[in-house]
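Notes follow the structure.
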Amino acid sequence: MKATDLKLQELLTFSDGHIDFQGRRLVLHDINAFSQLRKDLLEGLGPVPTRRILTRFGYYWGQEDAAAMTRMFKWDSLEEWLRAGPVMHSLQGVTKAIVQDLQLDENSEHLFMEITWHNSGEAEEHLAAVGIAEEPVCWMLTGYASGYASFCMNKDIIFIETQCYATNKPVCTAIGRDVESWGKEVEPYLTYFHEIEIRKKILDLTEKLKLSEQKLAKQRKNLPKFKTSLPSFFEVNSPAFERVVELATRVATYDSSLLITGESGVGKEVMARYIHRLSLRNQGPFVGINCAALPESLLASELFGHKAGSFTGASHDRCGLFEEANNGTIFLDEIGDISPSLQLNLLRVLQEREITRVGENQPRKVNVRVIAATNRDLIKATQEGTFRDELYYRLRVIEIEIPPLRHRTEDILPLARFFVERFSKKLKKPNVKLDAKCLNYLQEYTWPGNIRELENTIERAIVLCNDEIIRPEDFSLKILYPANPTANPHRSLAEIEIEHIQNVLELTHGNKSQAIKILGISQATLWRKLKQLQ
Ligand SMILES: [Zn+2]
């Protein structure tokens with residue numbers, strides 16, 4: 001392992017209220033709060049105690065990092081372990097630390113190390129709190145470098161800052177040596193490092209951390225397996241979808257026919273597969289077909305099979321999807337689109353539990369659970385006579401209605417992050433992350449194409465993003481400016497007005513008295529406009 005192999009993302013795990021750094025807990029601090037603390041210390045205690053406190057704080061931190069580095073990694077050499085210190089310092093955002101010179105003598109007794117600190121946060125803090133300094137002020141940085149190197153070398157290494165950004169120099173520079181090599185020169189500085197016995201404490205702590213990590217690893221191994229074997233819906237954050245999943249879970253083990261409804265792209269097939277996996281038929285096949293994708297004659301032969309010679313091109317006997325799905329589940333998507341004669345055939349299958357291949361007379365028994373899905377209003381279709389009501393009632397013994405994504409906004413970000421992970425693997429951009437600026441856009445867009453549109457949006461953004469960060473500009477304009485009426489300049493005022501009224505009603509979940517407040521119109525006007533709409 002080399003110092004340059006370190007990657008921050010791999011060192012950190014973010015969980016609720018906790019940033020875990022391989023068993024240690026890290027906290028993010030605001031630099032302005034720190035500069036206020038520095039100012040308070042300087043004013044309250046004076047410069048010498050302040051410098052000692054901050055130096056020792058940095059020293060402790062450096063020792064902790066050095067201990068962690070040897071606990072976690074096998075270094076190619078003592079030199080690489082030493083070089084990992086400045087890398088860690090940089091990864092943690094404290095400064096950009098560059099090793100200018102590093103000399104270890106043959107027996108690793110003496111060290112000479114020169115580091116430059118670019119963009120020192122501490123120098124910035126000092127400038128903000130106190131102003132230009134007369135002497136170098138990167139006390140925490142020198143403490144850190146000293147603590148880190150002392151831990152690695154197992155002897156006192158003291159860094160002295162020779163020039164500092166806070167004294168109007170372009171960069172900060174520090175020299176580190178063992179106390180012996182420094183000689184008398186280092187004596188005035190030692191007072192800031194006193195009580196260097198921290199090493200013993202850190203070693204004890206390191207032992208404890210090792211033990212607790214081993215314990216955690218053991219616990220992880222023993223976690224009950226059922227959780228991962230259950231097909232899970234990671235995106236269940238919204239009460240609306242939680243109810244749907246709960247219903248689906250409850251009905252999965254019964255053999256009743258199901259009708260899944262909802263707009264296009266809400267994930268009806270995913271839901272059907274979920275139910276199949278939870279059902280008692282989960283050892284049997286799951287077979288799906290989009291009924292709108294095939295013309296009537298082909299669809300019949302696809303579903304029920306055919307006898308050789310029953311129509312042109314039917315050269316062999318062929319079994320259909322119902323037979324293929326025997327002892328399993330068949331998923332019929334876009335069921336609202338099938339023709340009247342196929343509706344009749346399907347009704348017979350549901351009633352008699354048998355199918356007849358096209359061109360045959362002999363029925364064959366099938367044992368299949370039917371899950372159908374549609375984005376059409378089937379009740380309306382039965383009233384209009386385009387869909388058989390008997391079939392409708394047979395299919396929808398239980399109906400599961402999946403809400404559109406805009407009614408379950410709590411699920412948008414978990415889904416988006418899931419797709420980021422999935423596509424970053426698929427598209428071989430493994431470290432892609434969403435920039436925090438994207439989150440508002442994702443949550444505020446109404447997603448007319450639902451989850452499928454979100455999925456496509458994320459895939460497109462990952463393809464387009466230049467570095468490994470997805471930024472708002474990687475989204476399409478309609479997501480960035482969704483309600484921009486000038487986006488389509490060919491619409492009339494009346495169209496825009498009606499669309500706005502619909503959006504407001506959606507926002508208020510159909511509450512008209514709230515809607516008229518937002519729209520600034522009377523109840524009567526709203527009523528009249530809605531009437532026009534019908
Ligand atoms: Zn400095």
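What single numbered condition from (1) within 14 Å of the ligand (Cβ to nearest atom); (2) surrounded by fewer than 22 Cβ atoms within 10 Å (Cβ to Cβ) fails to hold for THR55?
Answer for THR55: the failing condition is (2).
Between VAL94, VAL87, VAL48, which is of a type in the set (Val, Ile, Thr), closer than 22 Å to ILE19 by Cα and in a helix (DSSP H, G or I)?
Working: VAL94 fails: in a helix (DSSP H, G or I); VAL48 fails: closer than 22 Å to ILE19 by Cα.
Just a single option satisfies the conditions, and that option is VAL87.
So, in the stretch 12-43, exactly how many residues are modelled with pLDDT under 85 and over 30 Å from the mean Cα position of the chain (by Cα)?
0
Being surrounded by fewer than 21 Cβ atoms within 10 Å (Cβ to Cβ) and touching a Phe, Trp or Tyr at 6+ places or on another chain (Cβ under 7 Å) is the filter; apply it to the stretch 368-404 and report the residue that is nearest to GLU352 (Cα to Cα).
THR382
Within the stretch 99-118, track down each residue that is within 15 Å of the ligand (Cβ to nearest atom) and surrounded by 15 or more Cβ atoms within 10 Å (Cβ to Cβ).
Matches in the stretch 99-118: GLU114, ILE115, THR116, TRP117.
ALA174 versus (1) within 45 Å of the chain's Cα centre (by Cα); (2) in a helix (DSSP H, G or I); (3) of a type in the set (Gly, Ala, Ser): which is the lone unmet condition?
Single failed check for ALA174: (2).
State yes or no: is GLU79 of a type outside the set (Phe, Trp, Tyr), at pLDDT 90 or above, farther than 14 Å from GLY143 by Cβ and over 33 Å from the mean Cα position of the chain (by Cα)?
Working: of a type outside the set (Phe, Trp, Tyr): yes; at pLDDT 90 or above: yes; farther than 14 Å from GLY143 by Cβ: yes; over 33 Å from the mean Cα position of the chain (by Cα): yes.
Yes: the conditions hold for GLU79.
Considering only residues of the stretch 122-138 that are over 17 Å from ALA97 (Cα atoms) and within 9 Å of the ligand (Cβ to nearest atom), which is surrounded by the fewest Cβ atoms within 10 Å (Cβ to Cβ)?
By that ranking, first place goes to ALA133.
Cβ-Cβ under 8 Å, sequence separation 6+ or interchain: first residue in the stretch 494-506 and assigned to a helix (DSSP H, G or I), partner of a type in the set (D, E, K, R). Which pairs?
Listed by first residue and then by second, the contacts come to GLU497/LYS529; ILE498/LYS529; ILE501/LYS529; LEU505/LYS512; GLU506/ARG406.
Report yes if ALA149 is within 12 Å of the ligand (Cβ to nearest atom) and small (Gly, Ala, Ser), otherwise no.
Working: within 12 Å of the ligand (Cβ to nearest atom): no; small (Gly, Ala, Ser): yes.
So ALA149 does not fit the description; no.
Please enumerate the residues belonging to the stretch 169-189 that are away from the ligand (no atom under 16 Å from the Cβ) and touching a His at 6+ places or on another chain (Cβ under 8 Å). Even if it seems obvious, please write down each step before you answer.
Step one: of the stretch 169-189, the residues away from the ligand (no atom under 16 Å from the Cβ) are 177-188.
Selection gives ARG177, ASP178, GLU180, SER181.
Among the residues of the stretch 286-317, write down those that are surrounded by fewer than 16 Cβ atoms within 10 Å (Cβ to Cβ) and at pLDDT 95 or above.
none
Output the number of residues of the stretch 304-350 satisfying the condition of being closer than 14 Å to GLU360 by Cα and in a helix (DSSP H, G or I). Walk me through it before giving the result.
Filtering the stretch 304-350 for residues closer than 14 Å to GLU360 by Cα gives 304-311, 314, 316-320, 345.
Okay, now just the ones that are also in a helix (DSSP H, G or I), so 304, 345.
So the answer is 2.
Among the residues of the stretch 139-153, is any crowded, with 16+ Cβ neighbours inside 10 Å, in contact with a helix residue (DSSP H, G or I) (Cβ under 9 Å, 6 or more places away or on another chain) and either free of Cβ contacts under 8 Å to residues at least 12 places away in the same chain or outside any helix (DSSP H, G or I) (or both)? Give the steps one after another, and end with the answer.
Residues of the stretch 139-153 crowded, with 16+ Cβ neighbours inside 10 Å: 139-153.
This time we only want the ones that are in contact with a helix residue (DSSP H, G or I) (Cβ under 9 Å, 6 or more places away or on another chain), so: 139-153.
Then keep just the ones that are either free of Cβ contacts under 8 Å to residues at least 12 places away in the same chain or outside any helix (DSSP H, G or I) (or both); that gives none.
Taking every residue of the stretch 139-153 in turn, none turns out to be crowded, with 16+ Cβ neighbours inside 10 Å, in contact with a helix residue (DSSP H, G or I) (Cβ under 9 Å, 6 or more places away or on another chain) and either free of Cβ contacts under 8 Å to residues at least 12 places away in the same chain or outside any helix (DSSP H, G or I) (or both).
Taking the condition assigned by TED's automatic domain parsing to the domain that holds LEU205, touching a residue at least 24 places away in the same chain (Cβ under 8 Å) and under 25 Å from LEU205 (Cβ atoms), does LEU104 pass? Give the derivation first.
Working: assigned by TED's automatic domain parsing to the domain that holds LEU205: yes; touching a residue at least 24 places away in the same chain (Cβ under 8 Å): yes; under 25 Å from LEU205 (Cβ atoms): no.
So LEU104 does not fit the description; no.
Could you check the stretch 154-168 and list, in sequence order, the residues that are surrounded by fewer than 24 Cβ atoms within 10 Å (Cβ to Cβ), more than 10 Å from the ligand (Cβ to nearest atom) and not β-branched (Val, Ile, Thr)?
Within the stretch 154-168, ASN154, LYS155, ASP156, ASN168 meet the criteria.
The values are calculated or read from the model by the stated rules, or taken from the named source; none is laboratory data. Treat the numbers as computed from the prediction; the structure is a model and nothing was measured. Glycine gets a Cβ as well: all are built from the backbone with ideal geometry, and neighbour counts include every protein chain shown.
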